[in-house]
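Encoded as structure tokens, the structure appears first; notes follow it.
What follows is calculated from the coordinates using simple rules that are stated; it is not laboratory data. Since this is a predicted model, take the numbers as computed values, not measurements. Cβ coordinates were reconstructed from backbone atoms using ideal geometry, including for glycine residues, and neighbour counts include every protein chain displayed.
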Amino acid sequence: MKIRKPVLLIECIFICSFIPYISAGIHYCLISARLLKVPLCVLNSKGGVLKNLINIWSTQFVRRIISVCVRSPLRPSMLRMVNLLVPLRADSGCIIAICHTPWKRLLVQWCLENNFALIMASGKWTHRKRRIQREGEGFSDLRQIVKCLQQNGRIIIAFDVFNNLNNCPVNFFGNCCNVSLLPARLARIAKVPLFTAIPTLRNGIINIDFGPEFDLHHLNSDSSGVMKNIILFLESEIKSNPGVWPTNYYHNLA
């Protein structure tokens, strides 16, 4: 799918491209002086600490520019930055399990403009965004979600949600966590496939890269195994590119 890159955004990033390097350099010096800790997910990633810090700061820099532009007359150009790499079938519902991402604001706007999917998320969204939000709280809300899936609708839900239960323990960057089974269980109840996706910034475009896919056979036989594989996939992607995960999530893995 050919995407027209927003020229103004690219020029702005180019002109100010030195800022992430300065920020990453200061961050690296503070880590070297042992005034800050380096998160395990950065320490264990490919390319070394400094390179990964530059990656993270660059992502945050671009995210802030997009966040401002998406509220301005440049909004249509910003929405053209989203590139869905895998076409989805129109005659079947599905769940798209996505990781928490720095590009949340842009992707929500893109889903709204393109009537792409409903998003399961907590919190009270405002104005037009409410049209695509489902909190998934209570029997009535869950029944609507399942009905949407069975009518060939799409539901987007975060898969990197951890809780205090003990029904799906995983090892995530050396930490013992319990991941929510909700994405797999919803797909199994609605009898729809489960796709995983990670948005990645490449060459000025937010590419929605699809990862492992799971059909009803996998979901019915081992929902816990499905979620464990998804978390392993996320850990591998973060090690390759720490910028795919929001900065504030790293603090819990230090």
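Annotations
- In a reduced charge model with +1 at each Lys and Arg Cβ and -1 at each Asp and Glu Cβ, the chain shows a dipole moment near 740 debye about its Cα centre.
- Antiparallel bridge percentage (DSSP; both residues within segment 81-237; nearest 5): 45
- Longest DSSP-loop-exposure-free segment, GluC sites (Glu not before Pro), the chain, at most 15 other Cβ within 10 Å: 1-134
- Within a Gaussian network of the chain (alpha carbon springs, distance under 10 Å), most fluctuating of N207, N44, N163: N163
- Prolate/oblate/rounded label for the chain (Cα gyration tensor, a/c 1.5): oblate
- Counting Lys and Arg as +1 and Asp and Glu as -1 over every other residue whose Cβ lies under 11 Å from the Cβ of N44, the net charge comes to +1.
- In degrees, nearest ten, helix 139-150 long axis to first principal axis of the chain (Cα): 90
- The residues C29, C94, C176, when put in order of fewest to most other Cβ atoms within 10 Å, stand as C176, C29, C94.
- The residue among T59, L112, Q150 whose Cα reaches farthest toward the positive pole of the charge dipole of the chain, with charges on the beta-carbon of Lys, Arg, Asp and Glu, is L112.
- Entries of K191/K228; K124/K147; K46/K191; K37/K239 with Cα pairs more than 27 Å apart: K46/K191
- Cross-link reach is defined here as a Cα-Cα straight distance under 18 Å, omitting same-chain residues fewer than 8 places apart; for K104 the aspartates and glutamates meeting it are E113, E135, D160, D209, E237.
- Selection from V192, W103, S224 lying farthest towards where the dipole of the chain points positive, charges on Cβ: W103
- Comparing L30, L112, L149 in a Gaussian network model of the chain where C-alpha atoms under 10 Å apart are linked, the largest mean-square fluctuation is found at L30.
- Springs join every pair of Cα atoms under 10 Å in this Gaussian network model of the chain, and among A158, A117, A90 the largest mean-square fluctuation is at A90.
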